[in-house]
Amino acid sequence: MNDIKILGRLTNSPEMKRSASGRDYAWFTVAVPRRNNREEADFIRCVAFDKLAAAIVKHCGKGRQVLCNGRLQVSTSMDEDTKRIRYHHTVVVNATHFLHDPNRATDPAMAA
């Protein structure tokens, strides 16, 4: 089973793009703190498609905490200089929960 969940914060605002076939997608990176050392993080590259991509672009900016569910996709390429195979890991996101947004001011009237 290829199922992954990541909880972290966006390192930058995602951007909407369109593939040659006309499909919308958004690339973004999530910084996930390590369990044993909160000073270190893993930076995980993610991609979402279609309506989910549009929602992520609309509601998420740099620093937004998200919980992403998806699958791990591994692709390869050949390094031209060293002729070695390079592996690229990407989480293909199929669901996202939008959590804490540090950029959104809390309204004191809403807190009452």
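The values are calculated or read from the model by the stated rules, or taken from the named source; none is laboratory data. Just so it is clear, the model here is predicted, and its values are computed rather than measured. Ideal geometry is used to build each Cβ from the backbone, glycine not excepted, and the neighbour counts take in all protein chains shown.
Annotations for the structure displayed:
- Set T96, T82, T90, T76: member being surrounded by fewer than 11 Cβ atoms within 10 Å (Cβ to Cβ) and either touching a Phe, Trp or Tyr at 6+ places or on another chain (Cβ under 9 Å) or modelled with pLDDT of 95 or more (or both): T76
- Among the residues of region 38-67, the ones that are among the small types (G, A, S) and either touching a Gly at 6+ places or on another chain (Cβ under 9 Å) or not in a helix (DSSP H, G or I) (or both) come to 4 in all.
- Qualifying residue in region 12-19 (condition: outside any loop (DSSP other than H, G, I, E, B), surrounded by 13 or more Cβ atoms within 10 Å (Cβ to Cβ), touching a helix residue (DSSP H, G or I) at 6+ places or on another chain (Cβ under 9 Å) and polar (S, T, N, Q)): no
- Residue match in region 29-43 (condition: crowded, with 18+ Cβ neighbours inside 10 Å, touching a residue at least 24 places away in the same chain (Cβ under 8 Å), more than 15 Å from P102 (Cβ to Cβ) and not basic (K, R)): no
- Top-ranked residue in region 1-11 [being within 10 Å of the chain's Cα centre (by Cα) and in a strand (DSSP E or B); ranked as surrounded by the fewest Cβ atoms within 10 Å (Cβ to Cβ)]: L7
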